[in-house]
1. For residues in the range 122-146 being in contact (Cβ under 8 Å) with a residue 40 or more places away in the chain and surrounded by fewer than 15 Cβ atoms within 10 Å (Cβ to Cβ), which is farthest from residue 177 (Cα to Cα)?
2. Which residues, taken from the range 248-294, are free of Cβ contacts under 8 Å to residues at least 12 places away in the same chain and among the aliphatic types (A, V, I, L, M)?
3. If you take just the helices (runs of 4 or more DSSP H) that sit entirely in the range 161-251, which of them hold at least 2 residues that are out of contact with any Gly (no Cβ under 7 Å at 6 or more places or on another chain), more than 30 Å from residue 277 (Cβ to Cβ) and among the basic types (Lys, Arg)?
4. Does residue 231 fit the bill of being modelled with pLDDT of 95 or more and under 22 Å from residue 189 (Cα atoms)?
5. Tally up the residues in the range 296-317 that are surrounded by fewer than 17 Cβ atoms within 10 Å (Cβ to Cβ), touching a residue at least 12 places away in the same chain (Cβ under 8 Å) and part of a helix (DSSP H, G or I), please.
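The values are calculated or read from the model by the stated rules, or taken from the named source; none is laboratory data. Remember, it's a predicted structure, so these values are computed and weren't measured experimentally. All Cβ positions, even for glycine, are placed from backbone atoms using ideal geometry, and neighbour counts span all protein chains on display.
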Amino acid sequence: MNLKHLSILNYKNIAEAELDLAPTINCFIGQNGMGKTNLLDAVYLLSMCKSSTSCPDQMLIRHDEDFMVVQGIYEREDATEEHIYCGLKRGQKKQFRREKKAYKRLAEHIGLLPVVLVSPSDQMLILGGSEERRRFMDMMISQCDLPYLDALMRYNKALQQRNALLKMEEEPDPELLALWEEAMANEGEFIYHKRRAYVDAFTPCFQEFYATISGGNEKVGLDYVSHGSRGPLLEIIQRDRFKDRAVGYSLHGVHKDELEMTLAGYPMKREGSQGQNKTFLVALKLAQFDFLRRTGSQTTPILLLDDIFDKLDASRVEEIVKLVAGGRFGQTFITDTNRDHLDSILNHLDGDHKLFHIKDGRVC
């Protein structure tokens, strides 16, 4: 899947942009704060129905404007086109359309245009709490498995309802409590097995990319830890109902899952240098791309690389350049403040590419 044309109006700091894009590499160069990341975020929005920064929708509208519009014309492998529209007015809900037809649920769009974003904010996957790593798994699996996304939404609803009952001052209805616990367990078992299969299939590919970039001198790992591995989830959820009632929320379930990231068998958060952390994250996202390409909607994802060369030594930059320029990743968008990095990639290319300059939200 390639994005042929991107149209932006009043999106963050970008007043207006009309871009005809190359099917291979598209590079965006400019100083920090000029709008490079916002351009990539607009592409991400058209795939995932939300900003990669998880900011409220109303903050996507440019200052002092009343609306924003982002549109894309995509070309499939069979040369057919997909027209995607996203519009938002202040004080109203976001509108999302495919071929001028509005979606009943935005979840129906997820997976149609798979995308992988590598950005500086990815460091929270290592440094942040377990919710960051669960979100990474959920975003990945949801793009290639719509039943998983539906199960996740049902689980979160059941969790919310159970927590509301646990917070009540009076004793909650035990039958109602049991009803939501059964829903959590049923959906949670499904989610657990999907995550388990995903991590098992994903880890070898991730380790291969890390070895390529690092020179093969470091051993990294991923370990999925879940209450679902302890036995029937319903029993685990109900076992500590008294404690849950005391704290006012659910202590057990797949909403507590963890994806442990390790270097030489030790926590990456504690052991990794800045360069090792960055290598870990880049390898993680390139493996995510490979996973989606093999298991998703039978279309090649779009790869978004935002300022990925910072904090990496020359040898690791060189290996990433070889990977990105090798034709393995389909259409790729790259931002950088350093023209040398981009020129290095472009010099390795045989196919079509484009270079854009960004200044104060303007593209030329």
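1. Only one residue fits best here, namely 127.
2. Scanning the range 248-294 gives a single hit, 251.
3. 241-247
4. Considered against the rule, which asks whether it is modelled with pLDDT of 95 or more and under 22 Å from residue 189 (Cα atoms), residue 231 comes out as no.
5. Going through the range 296-317 one residue at a time, the tally reaches 1.
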